[in-house]
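Before any comments, here is the structure.
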Amino acid sequence: MANISSNFLGIKSPNPFWLASAPPTDKKINVIRAYEAGWGGVVWKTLGSQVKNVSSRYSAVDYGGQRVMGFNNIELISDRPLDINLKEITEVVKLFPDRATIVSLMADNNRESWHELIKKCEDAGAMGFELNFGCPHGMTERGMGAAVGQDPEIACMVVEWVMEKATIPVITKLTPNVHSVVPTGRSVVKAGTHGLSLINTIQSITGVDLDTFVPNPYVAGKSVFGGYCGPAVKPIALKMLTTIAQDELTGKVPISGIGGISTWKDAVEFMLLGAGNVQVCTAAMKHGFRIIEDMCEGLNNWMDEKGFKTLNDFIGKSVPTVTHWEDLDINYHHIAKINQDKCIHCGLCYITCEDTSHQSINLTYGKPYNTYTIKEEECVGCNLCKLVCPVDNCITMEEQRVAPEYINWKMWQEQGLPLNDH
Amino acid sequence: MAIQNNRLTAEQYEQNFSDIHPPFETHNAALVEANRCLFCYDAPCTKSCPTSINIPKFIKQITTENIKGSAHTIFQSNIMGAGCSKVCPVEKLCEGSCVYNLMDEPAIPIAKLQRYSTEKALANNWQLFERKKSTGKKVAIVGAGPAGLSCAHVLAREGVDVTIYEKESKGGGLMTYGIAAYKVTPQFCEDEVNYIVGIGGIEIKYNQELGKDLPAGRQGITLAKLQKNYDSVYLAIGVGLARQLAIPGEDLEGVEDAIKFIYEIRNTKYEKVNVGDKVAVIGMGMTAIDAATQAKRLGANEVTMVYRRTENEKPCTDVELDIAKLDGCNIIWLAAPKEIKGHGKVEQLVCSKMQLGEPDASGRRSPVDTGETFTLNVDMVIKAAGQIPYEALIKDCALNNNHGKLIIDANQSTNIKGVFAGGDAVNGGKEVVDAVQAGKDGAKAILNYIMPQMHE
Ligand SMILES: Cc1cc2nc3c(=O)[nH]c(=O)nc-3n(C[C@H](O)[C@H](O)[C@H](O)COP(=O)(O)OP(=O)(O)OC[C@H]3O[C@@H](n4cnc5c(N)ncnc54)[C@H](O)[C@@H]3O)c2cc1C
Ligand SMILES: Cc1cc2nc3c(=O)[nH]c(=O)nc-3n(C[C@H](O)[C@H](O)[C@H](O)COP(=O)(O)O)c2cc1C
Ligand code: SF4
Ligand code: SF4
Ligand code: SF4
């Protein structure tokens, strides 16, 4: 059995799965249930000044008959009294000293408020802090949350205040509502943050009600942009994570990966791209805490299969494989191959290539089943047919290099090689 | 016990004749299946539908909650799409070709999804087609069965004024009078006919029989009269007469024709229909299955189906055979009726034991008498050895035919100019869906004939 225990900034947890700061972590009963279910840690729902929430608060994007492919919310930070939160944090830490109990913070925009909040939370027993520079709604209008994270200078200033006071590890959570997460990331690392986490939610409208004409979620005939999360945001989160992991400054600090993680596979992908651990919100909100069981078991089995003993054996392993477009090998070529024994003659590959790719699939009429074959000389190896084929491994991509040597786009131009294959 | 009615309680009848393929209860239930559909290109299911319904499209439209669009897609190809969703032998048509079969996964329940959309259209009377301005052209159709109705709807859409002459007092043809009660109810058939004529421009004249020398009291029409009064005539009279067995004892009391038996079930209350205690059903087609299962469901103690070939040659599908088996019908293969015995009433059915001989011209191995016989003690014999066309009527009308089956050319036309035909009357008896397609083809040909300039 592999060892899946995690050490993030010196904060230990039996596994690398934390619950992200959100409703699942906003009070003692939830957190106790989460720990009993097996979660490695929680980032307590963001504490700060007193707020008032509205109703309703959430909406979702369904896809292909599946609910909640994407999820959005217009909730604020914790709307419970600070004292109760602090008391409960103390109790939880006492009951579960082996778990990582981190507290998310978003104080008013001045040094005193931050210092006061930090002191209270440390006294309550917090093991680390996560600075919420990412909440995209409600708090921004008060100059907090994403309003801080979107401005590297303000972010830097706030982190400096925090570092003056904090005696426990500090993670800064980045907002994705920027062109690039790197500038703020660099700025807060320079200001001394111990680690980074990303992403928070992405500003969004999940849809418009076709009867009321009001977007979701609905609040008395109006709506606002909500923060988007869940499986739909995973690709964006992975990209942002990679830019942080590859940057020479931000890549040096531990990164907690967040955004659309629902399974152990998602988690492994984040870790391969540089996340030291991961945080989960939507998946738990959709299914409850019990999903942790398969996350741990799946990770363990995968590590055994790959021969990884500890998480550090693979964290960051894929980071160097993401390169610049102009460094890609132009002589690499692969073409689609259809396994006729597996093919169920649905024609999806054909119509997709015919209408929108390179007209590289032959159709031989049959009643009721047509036969589809690849025109090898036409195929550009785009993968589209393989992606749409409903049968696993029915279409495979077979390597057929154009030439053995590596050549990239710059070299190609220098050598004046021909353009436009098709 | 002998032949009698009222064998069961009201609840038992109710249960025995309830819908054999229950519909989706909720939109969600339909969505689960609709979302499984892969939206195949040049879809095998569509190619296996005689009316070529664009199946992936109508299923996709269920998932986008465009149910009107979904129903329109179905009706565009098959105006009896609602009825077909209940009576089509889909296991050998669309569902039989669904690509999921090739993954050894259950096929998409196409019929059930089709029923989902079309039932909503019928229930809400969504008239999804707009009839074009009247062209002043008039067409007479004989027979308000699937072929006639389908032809009428296409013509009506194009602005033709259609009059249907129907010998019965209800429309729908064998859909109303022949098909098993647990597949479609009389009420449904009536609703479907009303929905179809709802487009306007179609008048059905009931109790009007085409034929010469009518018995006193029956109003008559002749082909000549129709030809004179209309721009074109479409014959969709189906096949009606039951094939005789031509064995001794066929006239004993208790020997019934399956079509008549089923007609009664469809036309009277279940408790009023007579059925034997021990029933033999002759044949293994759809009609035989329907007769056997319904005899059982009416309360017969023992139902035995006898068929002269083996299971491999049976004309019904596996699914249908399973219905009969699940209803507890006995099946005897390689048995041909030789004689029906009894004193006034049926007492015994004597059968010859058969064996399969050499393949005939069509490659089918034909049954050969072994000389041995066996006897079944029965009090009722239902004959379902197929139907035969209205040969006399057709000959009287001087229409070219093959043993009563109308002969048409590639243009759906009979030998008489302006007189077209289709459906069971031409093919000798297939499925509803084939008749619907024939009606469409007929309508197209008629439009070409009466308005050549518009339909080049
Ligand atoms: C017992 C039985 C069960 C069946 N089960 C199924 C099934 O489950 N699924 C399926 O798809 N198919 C089934 N079929 C076949 C299906 O019913 C026929 O293929 C279909 O109805 C043929 O349509 P049609 O319009 O050609 O003829 P019909 O449905 O026979 O319609 C012909 C119409 O013309 C009328 N008519 C006849 N002669 C005259 C005349 N001289 N003047 C005026 N009107 C006349 C008749 O009254 C009738 O209304 C079954 C058939 C039978 C007999
Ligand atoms: C209802 C809801 C409330 C949230 N509240 C907070 C919060 O108070 N502080 C915070 O840092 N992030 C908050 N988040 C963002 C999550 O912590 C997380 O970054 C985001 O949901 C992406 O992860 P996921 O795709 O696993 O949900 C909230 C998310 C949701 C859905
Ligand atoms: S890989 Fe792309 S170009 Fe090649 S056959 Fe598939 S879809 Fe067509
Ligand atoms: S998509 Fe796959 S299964 Fe479908 S026709 Fe193409 S190769 Fe066959
Ligand atoms: S073959 Fe099956 S999966 Fe494909 S379109 Fe038809 S019903 Fe859908």
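The values are calculated or read from the model by the stated rules, or taken from the named source; none is laboratory data. Being a predicted model, the structure only gives us computed values, none of them experimental. Note: ideal-geometry Cβ built from the backbone for every residue, glycine included; neighbour counts use all protein chains shown. All accessible areas refer to the heavy atoms of the entire protein, side chains included, with ligands and DNA or RNA removed. Shrake-Rupley method; radii C 1.70, N 1.55, O 1.52, S 1.80 Å.
Give the percent of DSSP beta bridges with both residues in chain A that are antiparallel, rounded to the nearest 5.
Approximately 45 percent, going by the DSSP bridge assignments.
Which translational diffusion coefficient, to the nearest whole µm²/s, is obtained for segment B:243-383 from the Stokes-Einstein equation, given a Kirkwood hydrodynamic radius over C-alpha pairs, 10 °C and 1.306 mPa s?
104
Quick one: compute a quarter of the convex hull surface over the Cα atoms of the protein assembly as shown and quote it in nm².
If I average the Cα hull's projected area over directions, I get 50.5 nm².
Rounded, prolate or oblate: which fits segment A:259-320 when a ≥ b ≥ c are the square roots of the eigenvalues of the alpha-carbon gyration tensor, with rounded for a/c under 1.5 and prolate only if a/b beats b/c?
oblate
Can you tell me the equivalent ellipsoid semi-axes for chain A? Use √(5λ) from the Cα gyration tensor, largest first, whole Å.
After scaling each eigenvalue by five and taking roots: 43, 25, 22 Å.
What is the gain in length, in nm to one decimal, between B:PHE39 and B:THR64 on full extension, counting 0.36 nm per residue of separation less the C-alpha to C-alpha distance?
My answer for the length gained is 7.7 nm.
State the answer as a single residue: which of A:VAL182, A:GLY192, A:GLN203 lies farthest towards the positive end of the charge dipole of segment A:167-259, with beta carbon charges of +1 for Lys and Arg and -1 for Asp and Glu, about the Cα centre.
With unit charges placed on the Cβ atoms, the residue in question is A:GLY192.
For a test of the definition: using alpha carbon positions, the gyration tensor, and the 1.5 limit on a/c, classify segment B:22-123 as rounded, prolate or oblate.
Judged from the Cα gyration tensor, segment B:22-123 comes out rounded (a/c under 1.5).
Taking the Cβ of B:VAL436 as the center, what net charge do the other residues with Cβ under 12 Å away carry, scoring Lys and Arg +1 and Asp and Glu -1?
Result for the local shell: -3.
Can you list which of the trypsin sites (Lys or Arg not before Pro) found in segment B:93-122 are DSSP loop residues with at most 14 other C-beta atoms within 10 Å?
In loop regions of segment B:93-122 (DSSP not H, G, I, E or B), there are no sparsely surrounded trypsin sites (Lys or Arg not before Pro).
Cα-based Rg (one decimal) and Dmax (whole number) for segment A:325-414, in Å?
15.1, 52
Measuring from centroid to centroid over Cα atoms, what is the spacing of segment A:1-80 and segment A:279-355 in Å?
25
Based on alpha-carbon atoms only, what is the radius of gyration of segment A:197-272 relative to the globular estimate 2.2 N^0.38 Å?
Normalised by 2.2 N^0.38 Å, the Cα Rg of segment A:197-272 equals 1.41.
To the nearest Å, what is the center-to-center distance of segment B:326-354 and segment A:183-245, using C-alpha atoms only?
A separation of 76 Å, based on Cα centres.
Determine the per residue accessible area of chain A with all protein chains present and a 1.4 angstrom probe, expressed in square angstrom.
I get 47 Å² per residue for chain A.
Of the heavy-atom accessible surface of the protein assembly as shown (probe 1.4 angstrom), what whole percent is carbon and sulfur?
The nonpolar share, carbon plus sulfur, comes to 50 percent.
With runs of 4+ DSSP H residues as the only contributors, calculate the mean residue ellipticity of chain B at 222 nm using -39,500 (n - 2.57) per run, divided by the residue total and rounded to the nearest 500.
Using -39500 (n - 2.57) per qualifying helix, the result is -10000 deg cm²/dmol.
In segment B:268-377, what is the count of Lys pairs whose alpha carbons are under 26 Å apart, counting only pairs at least 8 residues apart or on separate chains?
Within segment B:268-377, the lysine pair count is 28.
B:GLY69: net charge of surrounding residues, Cβ under 14 Å, Lys/Arg +1, Asp/Glu -1, itself excluded?
Taking every Cβ under 14 Å from that of B:GLY69, the sum is +3.
Where does the charge balance sit around B:SER18 when Lys and Arg score +1, Asp and Glu -1, over other residues with C-beta under 14 Å from its C-beta?
Net charge around B:SER18: -1.
Give, rounded to the nearest 20 debye, the magnitude of the charge dipole that chain B has about its Cα centre when Lys and Arg contribute +1 at Cβ and Asp and Glu contribute -1 at Cβ.
1140
Just the number please: accessible area per residue for segment B:22-123, 1.4 Å probe, all protein chains included, in Å².
Here the residues of segment B:22-123 average 37 Å² of exposed surface.
Using the Cα gyration tensor of segment B:187-310, with a ≥ b ≥ c the square roots of its eigenvalues, what is the shape: rounded (a/c below 1.5), prolate (a/b larger than b/c) or oblate (neither)?
prolate
For B:ASN207 and B:ALA224, calculate 0.36 nm times their separation in residues minus their Cα-Cα distance, and state this gained length in nm to one decimal.
Between B:ASN207 and B:ALA224, full extension yields 4.2 nm more.
Return the average number of partner chain Cβ atoms within 10 angstrom of each residue Cβ along peptide A:339-350.
4
List the lysines whose Cα lies under 27 Å from the Cα of A:LYS94, skipping any in the same chain that are fewer than 8 positions away.
Answer for A:LYS94, where 27 Å is the Cα cut-off: A:LYS12, A:LYS27, A:LYS28, A:LYS45, A:LYS119, A:LYS120, A:LYS165, A:LYS173, listed by chain and number.
Which of the trypsin sites (Lys or Arg not before Pro) found in segment A:337-381 are in a DSSP loop and have at most 15 neighbouring Cβ atoms, other than their own, within 10 Å?
Loop-located and lightly packed - A:LYS342, A:LYS375.
Hey, if you put +1 on the Cβ of every Lys and Arg and -1 on every Asp and Glu Cβ in chain A, which of A:HIS287, A:PRO235, A:GLN400 ends up farthest toward the positive end of that dipole?
The residue sitting farthest along the positive end of the dipole is A:HIS287.
Could you state how much accessible area is buried at the B-A interface, both sides summed, with a 1.4 Å probe, in Å² to the nearest 100?
Interface between B and A: roughly 1300 Å².
Remind me, relative contact order of segment A:6-320 in percent, using alpha carbon pairs under 8 angstrom and six or more residues apart?
Relative contact order, segment A:6-320: 18 percent.
Kindly provide the chymotrypsin sites (Phe, Trp or Tyr not before Pro) of segment A:336-384 that DSSP labels as loop, not H, G, I, E or B, and whose Cβ sees at most 13 other Cβ atoms within 10 Å.
A:TYR365
Let me know the volume per residue of the alpha-carbon convex hull for chain B, in Å³.
Cα convex hull per residue, to the nearest whole number: 163 Å³.
Suppose we keep just the alpha-carbon trace of segment A:69-179; what are its Rg and Dmax in angstrom?
Reported Rg and Dmax, both Å: 14.3, 42.
Taking amide H atoms as placed 1.01 Å from N in the peptide plane, list the residues 5 or more away in sequence, or in a different chain, whose amide H sits under 5 Å from that of A:SER6.
A:SER13, A:ASN15
What does DSSP give for the protein assembly as shown in terms of the percent of beta bridges that are antiparallel, rounded to the nearest 5?
Around 40 percent of the beta bridges assigned by DSSP in the protein assembly as shown are antiparallel ones.
So for the pair A:LEU249, B:ASN330, with labels modelled 7 Å out along Cα→Cβ, what separation do we get in nm?
So the two model labels end up 9.3 nm from each other.
Could you count how many Lys pairs in segment B:22-123 have their Cα atoms under 19 Å apart, skipping same-chain pairs fewer than 8 positions apart?
Here the count comes out as 16.
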